[in-house]
Structures are given as structure tokens and as C-alpha cells.
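Each remark here refers to the structure printed beneath this line.
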Amino acid sequence: MTAKLTLFISCLFGALSVALGAFGAHILKSLLTDDQLNIYETAVRYQFYHSLALLATGVLMLYGQTHAYRLMWSSASAYAFLIGLILFCGSLYLIISLQYHHLSVPWWVGVITPIGGLCFILGWIFLALSVLKV
């Protein structure tokens, strides 16, 4: 993934997390149960944190373009953060949506949430590896 694309995606996810946070605070607060609202807030919080992590990764990619080692690991970090955002946060949003509409949550949704969390962990590890070689 290029530095520009990483920065662009991080900005989109950051803006979306602010919009979803406001939506949750002003509209969903009265519609969801406390447990559902906690799950929703977790998704928004992790989305915002990892939007910032993706932003930092993009900046590192921008300034580390002359180092192949740094670029390789920071690119891997960007992909891991992006996949984590989609799987972890997306699955939590899906759970809330299904529960709100009184639909059963498919078993596989419970599987992809921790896979998304693992991608977040890998993203941080890859980011750490990208800064080891200066």
C-alpha cells in the first residue's frame, strides 16, 4: 500500500468514526440496550484508535520511502490495520445491526471479530519492526 493511499484511508476511517460516534451518542443511545451500546462504543473507539495508527503508519511510510526494510514492514502494518478495521469494527457493527433488528447473529461473525483483533496486534508489531532499522 502506498503512503498516500494509507493516509487517505486513515482520514476516511477517522471521519467515519467521528460520524458514527455522534450517531451513537445522539440517535442510537435511546434505541439500543446498554450491552448493545457498549459493543457499538467499543467498535467506534477501536476504529478511531486504529485510524490514528494507520495515519502514523502512513506518515512513517512517507518519510521512510528510501528504506526498503521500513517500507516493507510499514506497508504490512497498514494492511493489517486496514483488515483489522474491517473485520473487528465491521463485525461489531454487524452484530449490533442484527441484534437491533431481532435477527440471529451467524456463528462466523463471532469468529471474524477476534481475527480482526489479531490483525490489530499484528499491525502494531509490524509497525514496531518498521522502526527498528533506521
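Condition check ((1) within 30 Å of His102 (Cα to Cα); (2) surrounded by 14 or more Cβ atoms within 10 Å (Cβ to Cβ)) across all residues:
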residue: Leu31; (1), (2): yes, no
residue: Asp35; (1), (2): yes, no
residue: Leu54; (1), (2): no, yes
residue: Tyr69; (1), (2): no, no
residue: Ser74; (1), (2): no, yes
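Every residue in segment 125-134 that is exposed (fewer than 15 other Cβ atoms within 10 Å of the Cβ) and assigned to a helix (DSSP H, G or I), please.
The answer is Ile125, Ala128, Val131, Leu132.
Of a type in the set (Ser, Thr, Tyr), more than 30 Å from Gln36 (Cβ to Cβ) and open to solvent by 60 Å² or more (accessible area, probe 1.4 Å): is that true of Tyr100 in this structure?
no
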What are the residues in segment 14-32 that are outside any helix (DSSP H, G or I) and touching a residue at least 40 places away in the same chain (Cβ under 8 Å), if any? Leu31, Leu32
So in segment 1-28, with the set limited to residues that are under 14 Å from the mean Cα position of the chain (by Cα) and of a type in the set (Ser, Thr, Tyr), which one is surrounded by the fewest Cβ atoms within 10 Å (Cβ to Cβ)? Ser17
Out of Gly110, Gly117, Gly90, Gly58, which single residue is small (Gly, Ala, Ser), surrounded by 14 or more Cβ atoms within 10 Å (Cβ to Cβ) and either over 16 Å from Ile9 (Cα atoms) or touching a Gly at 6+ places or on another chain (Cβ under 6 Å) (or both)? Gly117
When the residues of segment 76-105 are filtered to those that are of a type in the set (Ser, Thr, Tyr) and in a helix (DSSP H, G or I), which remaining residue is farthest from the chain's Cα centre (by Cα)? Tyr100
Taking into account only those residues within segment 30-83 that are farther than 16 Å from Gly117 by Cα and hydroxyl-bearing (Ser, Thr, Tyr), which is modelled with the lowest pLDDT? Thr66
Log entry, pairs with first residue in segment 94-117 being within 17 Å of Tyr40 (Cβ to Cβ), second being assigned to a helix (DSSP H, G or I) and charged (D, E, K, R), beta carbons closer than 9 Å, six or more apart or on different chains, reads Gln99/Asp35
Every pair of residues 6+ apart whose Cβ atoms lie under 9 Å, when the first sits in segment 1-13 and is at pLDDT below 95 while the second is in a helix (DSSP H, G or I) and surrounded by fewer than 14 Cβ atoms within 10 Å (Cβ to Cβ): Ala3/Tyr63
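The values are calculated or read from the model by the stated rules, or taken from the named source; none is laboratory data. Keep in mind the model is a prediction, meaning the values are calculated, not measured. Neighbour counts are summed over all protein chains in view; Cβ atoms, including those assigned to glycine, are modelled from backbone coordinates with ideal geometry. The accessibility values were calculated without ligands, DNA or RNA, using every heavy atom of the protein model including side chains. Shrake-Rupley method; radii C 1.70, N 1.55, O 1.52, S 1.80 Å.
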